[in-house]
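The values are calculated or read from the model by the stated rules, or taken from the named source; none is laboratory data. Computed from a predicted model, the values in this text were never measured in an experiment. Here Cβ is always computed from backbone atoms with ideal geometry, including for glycine, and neighbour counts include all displayed protein chains. Remember, those area values only see protein heavy atoms, side chains included, never the ligands or the DNA or RNA. Shrake-Rupley method; radii C 1.70, N 1.55, O 1.52, S 1.80 Å.
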Amino acid sequence: MTIEDAGTKSLAVPELVAGGVVEAPERVQPNGLAAVQTEQLIGDVGDALRLLDAVERVRGHAHPLVLGLQDAVGMKMPAALTLSAIANGRATADEVAEQVGTTVGEAELAIAELEALGMVRTGPRLAVTSLGQARLSQLDALTVRVLDVVTGILGPTDAAHLIRLLHTVADGLESAAGSSAVTQALPQVALHN
């Protein structure tokens, strides 16, 4: 499959014009979250790179914690997120996929796997079983312990400041999510993290 077949003409190599000169492609203006990022949040590329570096350092150190949580509970995070979505009242694969940030097919597969493990029931309506509730309780308890470690590292003042900052970021992302262009502006990888 070529780039043109995939429908991403903006990435295709432009044809040469007379004399071997290539015309510059038309600049596409950012919209949705991309516009918010470029116009309001990132005043200096250096600041953005330092932020990404800090996030990546935290993510790198958090990865073993996530693996430990998965081992302790006996399930992978996507399955836990699916189970949590069902416990939060999501009654269809479409609703689960929307909350978790996956495709409907992935949500259907996760639901089928959870049903096979006895953690969800699909009929007469999608619901978490008592085994699923027990696993969610274990995961909640372990998550609280991990977050307690994080707040212990920061101390009460910095932890409160971090909480306020995270709420500010979440509020900004929610307001930007009001437009359908936000989903299109984000790379698919970011939606699954």
Filtering the stretch 103-127 down to residues that are of a type outside the set (Gly, Ala, Ser), under 23 Å from the mean Cα position of the chain (by Cα) and over 18 Å from residue 139 (Cβ atoms) yields 103, 104, 106, 108, 109
Has the stretch 19-29 got at least one residue that is among the acidic types (Asp, Glu), at pLDDT 55 or above and closer than 30 Å to residue 140 by Cβ? no
Loosely packed, with under 14 Cβ neighbours inside 10 Å and either of a type outside the set (D, E, K, R) or farther than 18 Å from residue 74 by Cα (or both): does that describe residue 129? no
When (1) loosely packed, with under 14 Cβ neighbours inside 10 Å; (2) closer than 26 Å to residue 153 by Cα are applied to residue 91, the one that fails is (2)
Test of understanding: among 131, 114, 162, which residue is free of Cβ contacts under 8 Å to residues at least 40 places away in the same chain, assigned to a helix (DSSP H, G or I) and touching a strand residue (DSSP E or B) at 6+ places or on another chain (Cβ under 6 Å)? 114
Condition set open to solvent by 60 Å² or more (accessible area, probe 1.4 Å) and modelled with pLDDT under 90, scope the stretch 73-88, selection nearest to residue 101 (Cα to Cα): answer is 78
Only one of 102, 143, 151 that is closer than 16 Å to residue 70 by Cα and either assigned to a helix (DSSP H, G or I) or not small (Gly, Ala, Ser) (or both): 143
